[in-house]
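Since the structure comes first, as structure tokens, the remarks are kept for the end.
The values are calculated or read from the model by the stated rules, or taken from the named source; none is laboratory data. Values in this document were obtained by computation on a predicted structure and should not be read as measured data. Cβ: placed from backbone, ideal geometry, glycine included. Neighbour counts: every protein chain shown. These accessible areas exclude ligands, DNA and RNA; they are computed on the full protein's heavy atoms, side chains included. Shrake-Rupley method; radii C 1.70, N 1.55, O 1.52, S 1.80 Å.
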Amino acid sequence: MRILVCGGTGYIGSHTCVILAGRGHDLVVADNFSNSSPKVLERLQAITGAPVAFRRVDLRDRLETRELLVGGGFDAVVHFAALKAVGESCERPLDYFDNNISGTLHLLQAMQEAGVRRLVFSSSATVYGDPDSVPVTEDAPLRVTNPYGRTKLVMEQLIGDLCTADPGFQAGVLRYFNPVGAHASGLIGEDPSGIPNNLMPYICQTAVGRRAKLSVFGGDWPTIDGTGVRDYIHVVDLARAHADALGALERTGQGFTVNLGTGQGVSVLQLLHAFERASGRAVPYEIVARRAGDVAEVYADPSLAHRLLGWRAELDVDAMCRDAWRWQSMNPDGYAGTD
Ligand SMILES: NC(=O)c1ccc[n+]([C@@H]2O[C@H](COP(=O)([O-])OP(=O)(O)OC[C@H]3O[C@@H](n4cnc5c(N)ncnc54)[C@H](O)[C@@H]3O)[C@@H](O)[C@H]2O)c1
């Protein structure tokens, strides 16, 4: 297939490009580099052995987006392009609505105009908010707790309405749990700007000396060791699910919404200690008060993804930590440090 990958120089998008290129698809990456680096394109070339076609496009620009799609000859779009920081979305909700919702609307309009009717979309477990029970299944109530989550829910709804209006439009909506890890080459990985919002990059930056210590929010949750439990999934497993989702859409002509996780809950301290074993480094940490809005335990029931896509996560927590550490130690300052 000829595939447009929007947000393809970002963390999950870049790993997905490697898998899609490896399966022989013809890719065009589009990104505005608002949260990524042009260096990713060089790294992708080093991994895949071929240059990656790239267009610098901001999905907030309706005309640019239209021009990208119309005449592009695409069979499918994989859409990662979004802002994703929960805290920032509370401070700047309008920027999140504009970037994520307007950007997606422009993309859908351009797809319609160009006659491209196959989409794989990055959603998030954040649409479940604080779930009533775990493991979380796809029919759990949707109740978002912050503006970022609201954009994900609205984008899912926009896509759902389009599928209803045009039964020929096929969408695979993928609800990611907690992506971590990096490509085994150490050439691409997660490179947050500023202070990391997520646990694994914080652990990595602490281990490499960029942060003094890790703050663990809450040691009194009703969990195995008192720290919060999440479903960490290796980014390479996650990337593979996008290729499998495209295959399922092509094979069945039916859209779907699936959870992507391992189905295993892992606590903050379990992840931290696995990382210390994988890296051979001690990671200083301190248990501090719970953060408002956090929840004790969230992990997926990923069985629907297995039934519909034939996909399941294969890489364990040790692999996640080993690969995250390889990326961080080879690129202590991320892409910025590689000039
Ligand atoms: N990483 C996670 O923990 C996580 C979890 C659940 C869902 N998601 C979702 O997965 C997707 C990818 O996440 P990621 O971690 O790779 O994020 P990322 O920030 O690394 O990648 C997103 C990419 O989209 C680009 N982008 C953003 N707005 C754009 C616009 N208007 N026009 C063009 N390009 C634009 C950014 O420059 C970046 O390269 C996002 O939609 C995110 O909400 C991520």
Under the condition of being part of a loop (DSSP other than H, G, I, E, B) and out of contact with any Asp or Glu (no Cβ under 9 Å at 6 or more places or on another chain), which residue from the stretch 62-72 is most open to solvent (accessible area, probe 1.4 Å)? GLY71
Looking at GLY293, GLY280, GLY265 in this structure, which one is without any contact (Cβ under 8 Å) to a residue 12 or more places away in the chain and open to solvent by 10 Å² or more (accessible area, probe 1.4 Å)? GLY280
Would you be able to tell me the number of residues in the stretch 20-60 that are part of a loop (DSSP other than H, G, I, E, B), of a type in the set (Lys, Arg) and within 15 Å of the ligand (Cβ to nearest atom)? 1
Going through VAL57, VAL28 one at a time, which residue ends up being of a type outside the set (D, E, K, R) and touching a helix residue (DSSP H, G or I) at 6+ places or on another chain (Cβ under 7 Å)? VAL57
If a residue has to be touching a Phe, Trp or Tyr at 6+ places or on another chain (Cβ under 8 Å), within 12 Å of the ligand (Cβ to nearest atom) and open to solvent by less than 20 Å² (accessible area, probe 1.4 Å) to count, how many in the stretch 119-142 make the cut? 4
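I'd like the full set of residues that are open to solvent by 10 Å² or more (accessible area, probe 1.4 Å) and either under 14 Å from the mean Cα position of the chain (by Cα) or over 27 Å from GLN45 (Cβ atoms) (or both), limited to the stretch 186-195.
GLU190, ASP191, PRO192, GLY194, ILE195
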Checked pairs for the stretch 67-94, first under 15 Å from MET155 (Cα atoms) and charged (D, E, K, R), second within 13 Å of the ligand (Cβ to nearest atom) and open to solvent by 20 Å² or more (accessible area, probe 1.4 Å), C-beta under 7 Å and 6 or more apart or across chains, list as LYS84/TYR148
Can you pull out every residue in the stretch 311-339 that is buried (at least 20 other Cβ atoms within 10 Å of the Cβ), assigned to a loop (DSSP other than H, G, I, E, B) and more than 19 Å from the chain's Cα centre (by Cα)? ASN331
If you go through the stretch 165-176 one residue at a time, do you hit one that is modelled with pLDDT of 95 or more, surrounded by fewer than 23 Cβ atoms within 10 Å (Cβ to Cβ), more than 11 Å from the ligand (Cβ to nearest atom) and part of a helix (DSSP H, G or I)? yes
